[in-house]
Each structure stands twice: as structure tokens, then as C-alpha cells.
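What follows is calculated from the coordinates using simple rules that are stated; it is not laboratory data. Nothing here was measured: the structure is a model prediction, and the numbers come from that model. Cβ: placed from backbone, ideal geometry, glycine included. Neighbour counts: every protein chain shown.
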Amino acid sequence: MADQQWNVFPALPQGRHADGQAVDPVEEIFPEGPPGNHPFKVLVATILSARTKDETTAASSARLFKHAPDAASLAELAEEKIAKLIYPVGFYKTKAKHLTRLPEGLKKFADKVPQTIEELISLPGVGRKTANLVVSVAYQKPAICVDTHVHRIMNIWQYVETDTPLKTEMALRETLPKKHWIGVNSILVAFGQSICRPVSPHCDICPLETVCPQKGVRPRKRPGAKMDNDSTLKFVSWNVNGIRAVEKKGFINMMPDFDADVVCLQTVQQGLLGTHVLLSRQRARLIGCQ
Ligand code: SF4
């Protein structure tokens, strides 16, 4: 999923090396022991993980840590070198800028990674989500990492009624038992990527279907369900050049999420852009353009 953050470690999926060997991201980044012993590496890897697949984060972090296992050695690296080492993580140029400034930011904490959210978010490139992950993974302190999946699903369940991830985090701090704080992110990220997807969630196979309030949800059609005469068809049409441009960013993997009845790839070179159209037998409605 495009907007995913690197999950809390136990839930990390495993990719594969070129020789077919399974990649264990924790092993890749922390060959010398558990992540709790390396707050600096946890912080840097978490910064790198935003908008990046887990396998890419693991490989980029491992490359960077060979040259910069601590703040002092990171300070020795030029921004261009850092960018080269961490490529192809998402927004690698911006992240390289942040990492260049990180050693300076850590100076006010005696070159140590701080242990509180407020101190962590004063560092370059560290938002609340990253700070919460660092506090929980590096220091094993209760912290709630609210990303888009946690925010979305908690609202679908009406466990909270909030309109921003920050408000969700604050509401969960009031209501969610502390024993679930660290684990809730990895559970709901996995759940949000597999069943309760942002587009067309798979309610028909969800174990919570009978109890979930499904607030604001438009579930996918049950596979194989028959259409009646008034059934609405979803037709997705996309400019082929657009497809080429976004293919490397995982667009093709997102196609199932569109849950379309008909998919059309246009071959028009200029002028006409792809359109999303909802069609029914009685009406056709344009719902958006891309
Ligand atoms: S029933 Fe649907 S909306 Fe509710 S949790 Fe399951 S997949 Fe999500």
C-alpha cells in the first residue's frame, strides 16, 4: 500500500534476496542484535521507512549503516552520499537532507536518541508517527503509532470519532488499554492491507462483519455475486502512459483495490486522460478524472 509506514518489527513481511533466500528486515538492519539495543538505527530506519516498502527500507538501511552506524559517522557523510546510499527509498532526497541535519539535532540530547515523543519530534524528519515507533521499538515504552490504517479502521469501528491521526492518537491514549498500545499498529496495518482495505474492503470474508458498524464503508461486491438489472458496474479506464509512469510505484499491485468490473487501458497519447466512470444499465455517471 502506497501510504504505508514500516510496521512494528514483529509484523514485518519477508521479501526475498535475488538468490531466493528470504529477507528478514530485522536481521538486515540489526545483524548485531535486537533493535532495542540500537535506538539510533531504529530512528534512522524508521525515518527511511515512510512511503517505502519494507524490503527496500531494510536494504537501504543496511547499506547506510555500513558507512554510518552512529551519529558521529553519519555526520561525516555528505548529503549526496547519503542520498546515494538510501536510494530508492521514497523521497530519498528529502530524507537525505534530514539525515544530514540529524547529528546536529542529536547534539542537544548528548548525541543520544531521546526517549520522549516531544523531544523526538524536535529532530529533523521526525513526525509523531516516527516518534511513537521509536519510543515503542527502541525503548519498549507504551506508545501508539497511528498511521492511516489505525486512524481509518478505528473510525470505521467507531472506537473513536476523529478527523485526524493526531486526534485519533490522543483519543486512543484515553480509551485503549495500555497493553495494546505497542501492538495495535502492526495488527491494524496488516489487517488494513489484507482485509479492511482503504478501497472496497473485503467485508464478505471479514471475521468482524457481524459486529462492525462499517461507518462510511463501501464494501467490495461478494466475488461471484449475480447482478440484477439495476446493478451498477464500475468501469476503470486509464491512460496507458499514466500506467507506465506509475507502474514502478506499485500501481499495478493496486489494481485489485479498484474492484472494477471492467478495466480499460487507453492508448491515446495526448489530450485524453484516463477516466473513472460508474455505469449502470439506467444511468452513466462520471465520478472522477485522473
Ligand atoms: S466488516 Fe468490513 S469495514 Fe468492518 S472491519 Fe471488516 S472489512 Fe473492515
Part-to-part distance (alpha-carbon centres) for segment 176-202 and segment 59-117, which is given in Å: 29
Most to least packed among 156-163, 167-174 [average Cβ atoms within 10 Å]: 167-174, 156-163
Nearby lysines by direct alpha-carbon distance to Lys53 (threshold 27 angstrom, same-chain neighbours under 8 apart not counted): Lys41, Lys66, Lys81, Lys84, Lys93, Lys95, Lys97, Lys129, Lys141, Lys167, Lys248, Lys249
Anisotropy class of segment 25-162 from Cα gyration tensor, a/c 1.5 cut: prolate
